[in-house]
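The values are calculated or read from the model by the stated rules, or taken from the named source; none is laboratory data. What you see is a predicted model, and the numbers here were worked out from it, not measured in a lab. Glycine also receives a Cβ, built like all others from the backbone with ideal geometry; neighbour counts cover every protein chain displayed.
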Amino acid sequence: MGNLAGFNAMEVEPNVGMDVIPAGEYEACIVASEMKQTKSGNGSYLNLEIQILSGQYQNRRLFEKLNLNNPNATAVQIAASTLSSICRAVNILTPQDSSELHMKPLRISVGVRKREDTGEMENRIKSFKPRAAQPVATQPGIANSRQLATADVVASYSTNGKAPWQK
């Protein structure tokens, strides 16, 4: 049992769940990563948390699992190819740690598919690409709205101008 003394549901908006986002391309960045053990215990995967940086779905999160250590060689090859795409998209070609890939803007192509186990629709990241070139601001020294939105999201993860993993 957990102590809920002081909680008042009338003071908090209820969770209404999240619908899938439409298929398309989105500017995003990896905000967290963690190596996890597979359910079977015979491998591990890199779990990436990816946040959309701008537009109607700004701040929405998607997840990507990369089976980097798995008895299934095909799963490992797919994971390595996906990791290569991510590394190339953020121009970090030989990362020593997954945290090096954090907070680097890139473009993701998102699809929608039906889950086999529940029949519900879900998002799936189809590809990772380098971030599109930013349009030039109309006045020197003034950032455009996309640059500001990206800077705001990246800044929300930093303290004193540094990302959380930086000391």
* Structure fact -> Pairing a residue in segment 83-97 that is closer than 15 Å to I125 by Cβ with any residue that is assigned to a loop (DSSP other than H, G, I, E, B) and of a type in the set (F, W, Y), where Cβ atoms lie under 6 Å and the two sit 6 or more apart in sequence or on different chains, gives none
* Asked: Does any residue of segment 30-38 turn out to be on the phi > 0 side of the Ramachandran plot and in contact with a strand residue (DSSP E or B) (Cβ under 7 Å, 6 or more places away or on another chain)?
  -> no
* Asked: Considering only residues of segment 18-40 that are among the hydroxyl-bearing types (S, T, Y) and either modelled with pLDDT of 95 or more or surrounded by fewer than 11 Cβ atoms within 10 Å (Cβ to Cβ) (or both), which is farthest from K65 (Cα to Cα)?
  -> Y26
* If you check every pair at least six apart or on different chains, which have Cβ atoms under 8 Å apart with a residue in segment 99-124 that is under 27 Å from A89 (Cβ atoms) first and a residue that is among the charged types (D, E, K, R) and assigned to a loop (DSSP other than H, G, I, E, B) second? -> P105/R131; L106/R131; R107/R131; M121/R115; E122/R115
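Please go through segment 61-74 and pick out each residue that is surrounded by fewer than 18 Cβ atoms within 10 Å (Cβ to Cβ) and in contact with a Phe, Trp or Tyr (Cβ under 9 Å, 6 or more places away or on another chain). Steps first, please.
So in segment 61-74, the residues surrounded by fewer than 18 Cβ atoms within 10 Å (Cβ to Cβ) come out as 61, 63, 65, 68-69, 71-74.
Within segment 61-74, K65, L68, N69 qualify.
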* Identify, please: which residue in segment 95-123 is of a type in the set (K, R) and exposed (fewer than 14 other Cβ atoms within 10 Å of the Cβ) and is, among those, modelled with the lowest pLDDT? -> R115
* Is it fair to say E100 is among the acidic types (D, E) and assigned to a helix (DSSP H, G or I)? -> yes
